[in-house]
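One structure is given below, encoded as structure tokens.
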Amino acid sequence: MTAGETHRAIEAVFRIERARLLAGLARMTRDIDRAEELAQDALVTALAEWPRTGVPANPGAWLMTAAKRRGIDAIRRAAMQARKQEEIARELDGAPDSVAKAIEAGMDDDLGDELLGLIFTACHPILSADARAALTLRVIGGLTTDEIARAFLSNEATIAQRIVRAKKTIGKAGLAFAVPRGRERAARLSSVLEVVYLIFNEGYAATAGEDLVRPGLCFEAQRLGRILAGLMPDDAEVLGLLALMEMQASRLQARIGPDGALLTLGEQDRARWDRLLIERGLAALARAEALDGEGTYVLQAALAACHARAPRYEDTDWRRIAGLYDRLARAMPSAVVELNRAVAHSMAFGPEAGLRLVDALADAAALRNYAPLPAARGDFLFRAGRFAEARAAFEAAAALTRNAREAAFLKARAEECG
Amino acid sequence: MRVMVFVKGTEESEKGLAPTPEMMEAWEAMDRFTEELVEAGVFVAAAGLKPSSEAKRVTYDGDSRGVIDGPFAEAREVIAGFSIWEVKDMDEAIAWAKRCPNPGGGQSHVEIRPFFEVADIAEFLSPEDLAAPRDGDRGKLGVA
């Protein structure tokens, strides 16, 4: 092995251990910056020693010990300096020993628990959603600020600034990098899941930029989801989110048409769906349902599964989908869910059923300028044979959308109405 | 990137299941490793395969077909199991494979094979080819 290869092999080991290492160090120092420095120091030590000694049998523990040793040295040095100031000399005397003991005790902690603690902290609701996403990708995903900036089509300085501020906020709040227990846990967990799904969606339905899909972000989100499912195997919503992401990601390759535009579920070539991810998604969903999961992610995953299970678009079980949307609308009341529910009902029970639901929505403020609403209405009217009304609805939708391809499609549908 | 890790057969694995205490211990070690892979978000799928005595080979010669019953002589040519991982690069795959418990006990090896991905064949295909609908099962398993 050349020196370069050895170097890369050591860095690969370090990448695997990095998140857990940071988690343990952050809990010890309560300071992400400090934890990152100590982890980096440990890598430098490993790069110096491992080429001679070989990679140790338990590289994670080795790196943790090396980093903590540096941490203790630093605390000792700080204590030495402080000792010069007579007033506090007495208080600090013996402190390094008690710190060392605390670290020893900390090492017995469940490492998975530490990693979860870091995830919960990076996704703390005191941070903005953008800051949570950036910090999570940085400390758990191990992405560089440059990689995060490119993924979010932002510039490096903005992302770096966002991460610095987030770390400061966490430091000021004195967060303990612990996994919340009891009543707080559910609320904090939904904040974590929200961040992971935000990262996924940023990749799946890119809101800005040339590319409509950025699979790199989807992959990172899936990885986070898999980590969470590994650490919290008994939480239905965690499994539900993982199932949802795996099944949506299974269609990544099939969603883009020859002209680079997004294809609908009906237009996609299902042979290009990734069966492996579908199987993973269905397995995670089955585990969530066995836990009596009824949350919004489990329901959305169940919806995705209806499509995943249909070999052809015509085979889609719309009655089941309509029933799931009824439940989702109760669990997560939103105008967009209601609109999807109307579409599902129109497919399951005919266009009149869809019209009844969509007309009840017509006054919803959230949907006033939402092109998909008149577009769906136009489709229901067209299928009900009310062509003049359908034409007006499609024209209204075409005027509302800002996407040129969609506008052309809607105008063509208006023309079809004669 | 996705890789498939092939575990090659050994004299032992070709003998079939023998739940000796050593075997049980080896399985437990393997379970712990798999758990590590799951918690790291790396694990996608895995399966162990029965010894080649239960295998068949279908042979082709022009238009004719033949069937050969196992076992097949060379144990080290037999695949005893596989595992599919999602990793950032081959370095990471190697680092994970190195911490896998020795699958054969004594001398053994695994082989790491990266999947073909769209990027690998992109230069041979036009964007239209890449996006064109295909019949049949081509494209499943995430193969481009």
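Out of the residues in region B:85-102 that are outside any loop (DSSP other than H, G, I, E, B) and facing another protein chain (nearest Cβ under 8 Å), state the one that is nearest to B:F116 (Cα to Cα).
Step one: of region B:85-102, the residues outside any loop (DSSP other than H, G, I, E, B) are B:85-86, B:90-98.
From the residues that got through so far, the ones that are facing another protein chain (nearest Cβ under 8 Å) too are B:86, B:91-92, B:94-96, B:98.
Numbers: B:E86: 13, B:D91: 17, B:E92: 17, B:I94: 18, B:A95: 21, B:W96: 20, B:K98: 23 Å.
So, considering only residues that are outside any loop (DSSP other than H, G, I, E, B) and facing another protein chain (nearest Cβ under 8 Å), the one nearest to B:F116 (Cα to Cα) is B:E86.
Report whether or not A:R280 is away from chain B (no Cβ under 12 Å) and among the basic types (K, R).
In short, no.
Does at least one position in region B:93-104 carry a residue that is touching a residue at least 40 places away in the same chain (Cβ under 8 Å) and under 13 Å from B:K8 (Cα atoms)?
Step one: of region B:93-104, the residues touching a residue at least 40 places away in the same chain (Cβ under 8 Å) are B:93, B:96-97, B:99-101, B:103-104.
Right, trim to under 13 Å from B:K8 (Cα atoms) and you get B:103-104.
Scanning region B:93-104, I find at least one residue that is touching a residue at least 40 places away in the same chain (Cβ under 8 Å) and under 13 Å from B:K8 (Cα atoms), so the answer is yes.
Going by the structure shown, is A:G117 of a type in the set (G, A, S), within 14 Å of chain B (Cβ to nearest Cβ) and under 20 Å from A:L241 (Cβ atoms)? First the steps, then the outcome.
Details: of a type in the set (G, A, S): yes; within 14 Å of chain B (Cβ to nearest Cβ): no; under 20 Å from A:L241 (Cβ atoms): yes.
No: the conditions fail for A:G117.
Mind checking whether some residue in region A:155-172 is within 18 Å of the chain's Cα centre (by Cα), closer than 18 Å to A:S128 by Cβ, in a helix (DSSP H, G or I) and modelled with pLDDT under 90?
no
Between residues in region A:55-69 that are more than 10 Å from chain B (Cβ to nearest Cβ) and surrounded by 20 or more Cβ atoms within 10 Å (Cβ to Cβ) and residues that are in a helix (DSSP H, G or I) and among the polar types (S, T, N, Q), which pairs lie under 9 Å by C-beta distance while being six or more apart or on different chains?
A:L63/A:T45; A:A66/A:T45; A:A67/A:Q40; A:A67/A:T45
Which members of region B:1-45 meet the condition of being outside any helix (DSSP H, G or I), farther than 11 Å from B:P103 by Cβ, charged (D, E, K, R) and within 17 Å of the chain's Cα centre (by Cα)? Write out each step before concluding.
Filtering region B:1-45 down to residues outside any helix (DSSP H, G or I) leaves B:1-10, B:15-20, B:40-45.
Add one more test, that the residue is farther than 11 Å from B:P103 by Cβ, and what stays is B:1-4, B:15-20, B:40-45.
Right, trim to charged (D, E, K, R) and you get B:2, B:15.
B:R2 - this is the single residue of region B:1-45 that is outside any helix (DSSP H, G or I), farther than 11 Å from B:P103 by Cβ, charged (D, E, K, R) and within 17 Å of the chain's Cα centre (by Cα).
Of the conditions (1) among the basic types (K, R); (2) in contact (Cβ under 8 Å) with a residue 24 or more places away in the chain; (3) buried (at least 21 other Cβ atoms within 10 Å of the Cβ), A:R391 fails just one. Which one is it?
Failing condition for A:R391: (3).
Of the numbered conditions (1) within 11 Å of another protein chain (Cβ to nearest Cβ); (2) of a type outside the set (A, V, I, L, M); (3) under 19 Å from the mean Cα position of the chain (by Cα), A:Q248 satisfies every one except a single condition; which is it?
(1)
Kindly list the number of the only condition in (1) of a type outside the set (K, R); (2) surrounded by 15 or more Cβ atoms within 10 Å (Cβ to Cβ); (3) at pLDDT 90 or above that fails for B:E36.
Every listed condition holds for B:E36 apart from (3).
Which members of region B:103-121 meet the condition of being more than 12 Å from chain A (Cβ to nearest Cβ), surrounded by 13 or more Cβ atoms within 10 Å (Cβ to Cβ), at pLDDT below 90 and not in a loop (DSSP other than H, G, I, E, B)?
Matches in region B:103-121: B:I121 only.
Being among the aliphatic types (A, V, I, L, M), outside any loop (DSSP other than H, G, I, E, B) and surrounded by fewer than 17 Cβ atoms within 10 Å (Cβ to Cβ) is the filter here; which residues of region B:64-84 pass it? It would help to see each step written out before you state the result.
Of region B:64-84, the ones among the aliphatic types (A, V, I, L, M) are B:67-68, B:73, B:75, B:78-80, B:84.
Still in the list and also outside any loop (DSSP other than H, G, I, E, B): B:67-68, B:75, B:79-80, B:84.
B:V67, B:I68, B:I79, listed by residue number.
Only residues in region A:217-239 that are under 16 Å from A:L135 (Cβ atoms) count as the first member; pair them with residues that are of a type in the set (F, W, Y), Cβ under 6 angstrom, at least 6 apart or cross-chain, and list the lot.
A:A221/A:F200
Residue-by-condition table, conditions (1) touching a Gly at 6+ places or on another chain (Cβ under 9 Å); (2) farther than 26 Å from A:P233 by Cβ; (3) surrounded by 18 or more Cβ atoms within 10 Å (Cβ to Cβ):
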{"position": "A:L285", "(1), (2), (3)": "yes, no, yes"}
{"position": "A:G295", "(1), (2), (3)": "yes, no, yes"}
{"position": "A:A305", "(1), (2), (3)": "yes, no, yes"}
{"position": "A:R312", "(1), (2), (3)": "no, yes, no"}
{"position": "A:R319", "(1), (2), (3)": "no, yes, no"}
{"position": "A:A322", "(1), (2), (3)": "no, yes, yes"}
{"position": "A:R327", "(1), (2), (3)": "no, no, no"}
{"position": "A:A331", "(1), (2), (3)": "yes, no, no"}
{"position": "A:E338", "(1), (2), (3)": "no, yes, yes"}
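With the condition kept exactly as written, say whether any residue in region B:51-63 is in contact (Cβ under 8 Å) with a residue 24 or more places away in the chain, in a strand (DSSP E or B) and loosely packed, with under 11 Cβ neighbours inside 10 Å.
From region B:51-63, those in contact (Cβ under 8 Å) with a residue 24 or more places away in the chain are B:51-53; that's our starting set.
Checking which are in a strand (DSSP E or B) leaves us with none.
The answer is no, given that none of the residues of region B:51-63 is in contact (Cβ under 8 Å) with a residue 24 or more places away in the chain, in a strand (DSSP E or B) and loosely packed, with under 11 Cβ neighbours inside 10 Å.
For B:K98, state whether it is closer than 15 Å to B:V42 by Cβ and either at pLDDT below 90 or polar (S, T, N, Q) (or both).
On the way: closer than 15 Å to B:V42 by Cβ: yes; either at pLDDT below 90 or polar (S, T, N, Q) (or both): no.
Considered against the rule, which asks whether it is closer than 15 Å to B:V42 by Cβ and either at pLDDT below 90 or polar (S, T, N, Q) (or both), B:K98 comes out as no.
What is the residue count in region A:352-372 for residues that are modelled with pLDDT under 90, part of a helix (DSSP H, G or I) and either β-branched (V, I, T) or within 32 Å of the chain's Cα centre (by Cα) (or both)?
The total comes to 5.
Exactly one of these conditions fails for A:W50: (1) within 30 Å of A:V192 (Cα to Cα); (2) modelled with pLDDT of 85 or more. Give me its number.
If we test A:W50 against (1) within 30 Å of A:V192 (Cα to Cα); (2) modelled with pLDDT of 85 or more, just (1) comes out false.
Out of all the residues in region A:21-29, is one or more among the basic types (K, R) and more than 13 Å from A:E114 (Cβ to Cβ)?
Residues of region A:21-29 among the basic types (K, R): A:27.
Narrowing further to those that are more than 13 Å from A:E114 (Cβ to Cβ): none.
Looking through region A:21-29, none of the residues is among the basic types (K, R) and more than 13 Å from A:E114 (Cβ to Cβ).
Of all residues in region A:136-152, which are over 19 Å from B:D89 (Cβ atoms) and of a type in the set (G, A, S)?
Scanning region A:136-152 gives a single hit, A:A149.
Restricting to region A:394-418, name every residue that is assigned to a loop (DSSP other than H, G, I, E, B) and either in contact with a Cys (Cβ under 6 Å, 6 or more places away or on another chain) or surrounded by fewer than 17 Cβ atoms within 10 Å (Cβ to Cβ) (or both).
Pass one, region A:394-418, residues assigned to a loop (DSSP other than H, G, I, E, B): A:401-403, A:417-418.
Matches in region A:394-418: A:R402, A:N403, A:G418.
Confirm whether A:D235 is acidic (D, E) and more than 11 Å from chain B (Cβ to nearest Cβ).
Values: acidic (D, E): yes; more than 11 Å from chain B (Cβ to nearest Cβ): yes.
When the stated conditions are applied, A:D235 passes them.
If A:T65 satisfies every condition in (1) modelled with pLDDT under 70; (2) within 29 Å of A:K167 (Cα to Cα) but one, which is the exception?
Single failed check for A:T65: (1).
Hey, can you tell me all the residues within region B:26-50 that are away from every other protein chain (no Cβ under 14 Å) and without any contact (Cβ under 8 Å) to a residue 24 or more places away in the chain?
Narrowing region B:26-50 to residues away from every other protein chain (no Cβ under 14 Å): B:26-28, B:30, B:48-50.
Scanning region B:26-50 gives B:W27, B:E28.
On the basis of being among the small types (G, A, S) and in contact with a His (Cβ under 6 Å, 6 or more places away or on another chain), does A:A335 make the cut? Please lay out each step first, then the result.
Details: among the small types (G, A, S): yes; in contact with a His (Cβ under 6 Å, 6 or more places away or on another chain): no.
Here the answer is no, as A:A335 does not meet what is asked.
The values are calculated or read from the model by the stated rules, or taken from the named source; none is laboratory data. Predicted, not measured: the structure shown is a model, and the values here were computed from it. Cβ: placed from backbone, ideal geometry, glycine included. Neighbour counts: every protein chain shown.
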